[in-house]
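To start, the structure under review is shown below, and the notes come after it.
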Amino acid sequence: MAEFADDPHSHARPNEIAVGHLHLDVTVDFDEQRLTGRATFRLDRTAADADVVVLDTWDLEIRAVTDAAGAALDHVLGDHDPILGRSLTIETGGADTVVVDYATGGDARALQWLEPAQTTGERFLFTQSQPILARSWIPCQDTPAVRHPYDATVRVPPGLLAVMSAENPTERSADGVYSFAMPQPVPSYLVALAVGDLEFRPLGPRSGVYAEPAVVDAAAWEFADTEPMMEAAERLYGPYRWGRYDLLVLPPSFPYGGMENPRLTFVTPTLLAGDRSLVTVVAHELAHSWSGNLVTNATWDDIWLNEGFTVYFETRIDEELYGADYTAMLLRLGRQALEAELATLAERDTWLSLDLAHRDPESGPDLVPYEKGSLFLRMIEQVVGRERLDAFLADYFDRFAFRSMDTVTFLALLRTEVLEPAGVGDADVQLEAWVYGPGVPANAPEFPSDAFDRVDRQADALLAGTAAADLDTAGWAPQQWVHLLRVLPTDAPHAVLADLDRTFGFSAQRNIEVATAWLELAIRSEYVWGAAEVDDAVAGFLDRHGRSLYLRRVYAKLAATPRGLDRAREIFATAAAGYHPVARAGVARMLDAA
Ligand SMILES: [Zn+2]
């Protein structure tokens, strides 16, 4: 069997020559919005007689390709593929090192350059390489199947701090030159860089947070549980293998909740809710230090082995820290969101084992790999017992550390090491239906929640005529408010919604989860069209936030009616300039299809 999985999203041929180490030396030019530099690759010959190394590129200007001594090497850029970009094929002439001088192009999709107006005061640059955008800022073998250590020299305007998914400085350098080392092997999608007016605050002996000065103290308060989360994670599935675990709070246009860049998770500022109610995202990104970053999906079709395991692990950390009742609420909300997405997907996109060949992997399902994957593991846990599954997972993360995993190999392990010893066959758990079938099979576990039962009773009372002010909502968690807003029917009387908004101020909500649930309800019930302040709240939300999934949730509700679609297009026309390219493309794709 070949050492590296065939990846439909990369031109690289690592079964001939694989990159074994990268040294990056780049200069960050904010005025030209360009990185220029040199990538030096040490090569490993997987096939002894191989002489060609193939890299992925996207809109890169290749200026020179040489060996370590500076002798030019023959190379050719392939035709531009609209999904994969251009291959860079280099005749190594037997060299073990190749050096590529390059600059990024105008369509460097991994890079977002922010002006001071889009931050709390200074220019900012950050990268987002997952899934296949690393090739737009570094020539690389851009497949999760290939991993190697890297180090880097990064030159930035003096006064700004640069950080990477690596060992990081905590102080600014006088000359704007920073050196980085990532000694553990990582795939290209986990190479990350950010440059900005950043300060550091420690959270624990091996954790801390970087953010712009205006938010760094709020961030340190919000993420105070990071060290206890690390301890809980280690109790569950073994030692943290990456040295430090720091967080970087990005400006609002960051398109994700978090990105698990090793040693330095990138997070959205929407987590700074002021009440620590959204820190499950930190548990999620931390869990990636095992699932995803340590044991990595071989291709993007296997992403459930990364995200599904991470949601499972995340909720196990939550359970350790905050208890089973709290976690049951998160699991219920996850299932609700999954069901809402399933209703919108083509059937093939609802399998755990995806088929993303000839597509942008970003166009795949958002939640299926996460929530259906996590449900699958919860189901296995119910059948074989938590102790047995935990023992397997702890061993799995250790045995396959710094390696990639595909669906077929994982299922074979699951059968021989978990199911068969427990006397369980494929059919007993509907294994085929879960992995190679649509939707959620009937043996999915349920998550009873007293907290949600209380909400359901209040929702009934509200619809039966009880005034919002008379509802029993004392001490509700944000998750309960989200549940209330989701269970209210689309034909809920507008007078009831007006009473709710007056009483609880949903249109002014800061918590992004509660705000999204409210706007979705106001739009699907068409209440928004009779309430100017709610319409303003919709426009304000879509202008202020940059988290792709939440933007698309609100836009999707708008796009469901002709009037809403017009409004969506009108808002998008002005708000899109502030979005990250990934978020902008996702919303545009959705509005075009509407
Ligand atoms: Zn994740």
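The values are calculated or read from the model by the stated rules, or taken from the named source; none is laboratory data. Because the structure is a prediction, the values reported are computed rather than measured. So basically every Cβ, Gly included, is an ideal-geometry build from the backbone, and we count neighbours across all protein chains shown. SASA here: full protein model, heavy atoms, side chains in, ligands and nucleic acids out. Shrake-Rupley method; radii C 1.70, N 1.55, O 1.52, S 1.80 Å.
Each row is one residue, and each column tells you yes or no for (1) under 30 Å from G159 (Cα atoms); (2) touching a His at 6+ places or on another chain (Cβ under 7 Å); (3) among the acidic types (D, E); (4) modelled with pLDDT under 95.
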residue	(1), (2), (3), (4)
M1	no, no, no, yes
R38	yes, no, no, no
T46	no, no, no, no
A71	no, no, no, no
T104	yes, no, no, no
For the stretch 543-570, pairs from a residue that is open to solvent by 20 Å² or more (accessible area, probe 1.4 Å) to a residue that is assigned to a loop (DSSP other than H, G, I, E, B) and among the charged types (D, E, K, R), with Cβ under 8 Å and 6 or more apart or across chains, are L549/D366; R552/D366; T561/E526
Of all strands (runs of 3 or more DSSP E) fully inside the stretch 115-169, the set with 2 or more residues that are open to solvent by 10 Å² or more (accessible area, probe 1.4 Å) is 147-155
Restricted to the stretch 315-326 and to residues being without any contact (Cβ under 8 Å) to a residue 60 or more places away in the chain and part of a helix (DSSP H, G or I), the residue most open to solvent (accessible area, probe 1.4 Å) is Y322
Of the residues in the stretch 476-534, those that are hydroxyl-bearing (S, T, Y) and over 18 Å from A461 (Cα atoms) come to S507, T516, S525, Y527
- Message: So for the stretch 55-66 (the condition being more than 21 Å from W137 (Cβ to Cβ) and either open to solvent by less than 30 Å² (accessible area, probe 1.4 Å) or part of a strand (DSSP E or B) (or both)), does at least one residue qualify?
- Response: no
Of the listed residues (T310, T344), the one being among the hydroxyl-bearing types (S, T, Y), out of contact with any Lys or Arg (no Cβ under 6 Å at 6 or more places or on another chain) and assigned to a helix (DSSP H, G or I) is T310
Just checking, does the stretch 97-104 include any residue being under 17 Å from V191 (Cα atoms) and either more than 30 Å from the chain's Cα centre (by Cα) or in a loop (DSSP other than H, G, I, E, B) (or both)? yes
Over the stretch 407-438, the set of residues closer than 29 Å to A343 by Cβ and assigned to a loop (DSSP other than H, G, I, E, B) is Q430, G437, P438
For this session: May I ask you to verify whether T344 is away from the ligand (no atom under 13 Å from the Cβ), at pLDDT below 95 and either of a type outside the set (A, V, I, L, M) or surrounded by fewer than 20 Cβ atoms within 10 Å (Cβ to Cβ) (or both)?
Result: yes
Restricting attention to the stretch 67-85, the residues that are assigned to a strand (DSSP E or B) and open to solvent by 40 Å² or more (accessible area, probe 1.4 Å) number exactly 5
Within the stretch 439-486, residues open to solvent by 50 Å² or more (accessible area, probe 1.4 Å), assigned to a loop (DSSP other than H, G, I, E, B) and either touching a Phe, Trp or Tyr at 6+ places or on another chain (Cβ under 9 Å) or in contact (Cβ under 8 Å) with a residue 24 or more places away in the chain (or both) come out as P448
When every residue in the stretch 487-517 that is closer than 14 Å to V528 by Cα and out of contact with any helix residue (DSSP H, G or I) (no Cβ under 9 Å at 6 or more places or on another chain) is compared, the one least open to solvent (accessible area, probe 1.4 Å) is A495
Across the stretch 200-251, the tally of residues that are without any contact (Cβ under 8 Å) to a residue 24 or more places away in the chain and either on the phi > 0 side of the Ramachandran plot or surrounded by 18 or more Cβ atoms within 10 Å (Cβ to Cβ) (or both) stands at 1
All-but-one check, L375 against (1) under 20 Å from the mean Cα position of the chain (by Cα); (2) open to solvent by 30 Å² or more (accessible area, probe 1.4 Å); (3) farther than 30 Å from P581 by Cβ, failing number (2)
